[in-house]
Amino acid sequence: MSETHIAWGRIPVFDEDDGFFTVAMAEKWQDHMLNSYKDVYRGMKTKIDSNSPISFYLDRALLEASVIAAILGMKKITQSSANNVKEPNAFKVAAYLSYWWLRRKPVGIHYPSNWDLKDLEIRISDGDNFPDKDKTIWQLKHINELVAVHMVASYIFNFDNVLCGNRQCARLKRTDENFCFDDFEAMKTEMLQKLTYYFSYRTLAPKVIEHILEGYTFHPVWGLTGKLWASERGSEGSD
């Protein structure tokens, strides 16, 4: 962080080194947000032909402001007598970071004034199939939402650690006729697409994002990034 001693109103942003909201923790969260942007950026660049004059930029000041606003929001919870929350768990951290990212929208795209997104050229992908142009244009317009989805998903889930595979999915389909996915990978795709839709069009608050993420973990298809629910036991309130 460019500033290590900031106060917002009467609330100091950062704790001392023995606290939770330290400068080191803020930098860790900022790095996670930045890495999420880089992953989405690389994915978008693979779809766009190099002849398309689009450039991406990340406003570092807005990135830092997002982290600070998230910390202040979480500190209000930990300092409130209405809650028994001493430290925010991963669900709450992901919710506040993504909420303020969506409020600040640090990422933008640039292109010349005499060019339009409808003129976008798509790069040929596997099997000489073209990615959907309209979908790619929509993703460019909602790149901050794409980053926010990647941010929360990678903060909560370890998708490389598949706990329930095709065999478990087949068993579930035999026992529950209401399960409508061919496999869990299709369920994940639908889950992330739905979350992107919520981030793009729904009125959100940190507690709404938090509860969505909690609900996504109920079925243990993929590993989590830690003992996320253990830190939630005994806590009360959800702001």
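The values are calculated or read from the model by the stated rules, or taken from the named source; none is laboratory data. Nothing here was measured: the structure is a model prediction, and the numbers come from that model. Reconstructed Cβ throughout: ideal geometry from the backbone, glycine too, with neighbour counts over all protein chains shown.
Scanning region 44-59 for residues that are of a type in the set (Ser, Thr, Tyr) and in contact with a helix residue (DSSP H, G or I) (Cβ under 8 Å, 6 or more places away or on another chain) gives a single hit, Ser52.
Being crowded, with 18+ Cβ neighbours inside 10 Å, acidic (Asp, Glu) and at pLDDT below 95 holds for only one residue in Glu16, Glu27, Glu64, Glu3, and it is Glu64. Taking the listed residues Ile137, Ile122, Ile143, the one that is over 20 Å from Tyr197 (Cβ atoms) and either at pLDDT below 90 or not polar (S, T, N, Q) (or both) is Ile122, with no other qualifying.
The residues on offer are Lys38, Lys92, and the sole one that is touching a Pro at 6+ places or on another chain (Cβ under 8 Å) and part of a helix (DSSP H, G or I) is Lys92. Here's a check for you: in region 96-115, which residue that is outside any helix (DSSP H, G or I) and within 14 Å of the chain's Cα centre (by Cα) is farthest from Asp59 (Cα to Cα)? Selected residue: Lys105.
Cβ-Cβ under 6 Å, sequence separation 6+ or interchain: first residue in region 65-83 and within 13 Å of Pro206 (Cβ to Cβ), partner part of a helix (DSSP H, G or I) and hydroxyl-bearing (Ser, Thr, Tyr). Which pairs? Listed by first residue and then by second, the contacts come to Ala70/Tyr96; Gly73/Tyr96; Met74/Tyr96.
Scanning region 212-230 for residues that are within 14 Å of the chain's Cα centre (by Cα) and either without any contact (Cβ under 8 Å) to a residue 40 or more places away in the chain or within 11 Å of Leu163 (Cβ to Cβ) (or both) turns up just one, Ile212.
For first residues located in region 20-31 and under 13 Å from Leu63 (Cα atoms), partners that are surrounded by 19 or more Cβ atoms within 10 Å (Cβ to Cβ) and lie 6+ apart or on another chain with Cβ distances below 6 Å form the pairs Ala26/Val67; Trp29/Val67; Trp29/Leu97; Gln30/Val67.
Among the residues of region 183-204, some residue qualifies, meaning at least one is β-branched (Val, Ile, Thr), under 30 Å from Phe56 (Cα atoms) and crowded, with 17+ Cβ neighbours inside 10 Å. Condition test on Phe157, is it within 13 Å of the chain's Cα centre (by Cα) and either within 29 Å of Asp49 (Cα to Cα) or of a type in the set (S, T, N, Q) (or both)? Taking the combined requirement at face value, the residue does not satisfy it. Can you confirm whether Lys92 is crowded, with 23+ Cβ neighbours inside 10 Å and either more than 19 Å from Ile143 (Cβ to Cβ) or out of contact with any Cys (no Cβ under 9 Å at 6 or more places or on another chain) (or both)? The answer is yes for Lys92.
Whether any residue in region 153-160 is of a type in the set (Phe, Trp, Tyr) and surrounded by fewer than 16 Cβ atoms within 10 Å (Cβ to Cβ) is what I want to check. Yes - at least one qualifying residue is present in region 153-160. Selection over region 164-207 of residues that are in a helix (DSSP H, G or I) and free of Cβ contacts under 8 Å to residues at least 60 places away in the same chain gives a count of 27.
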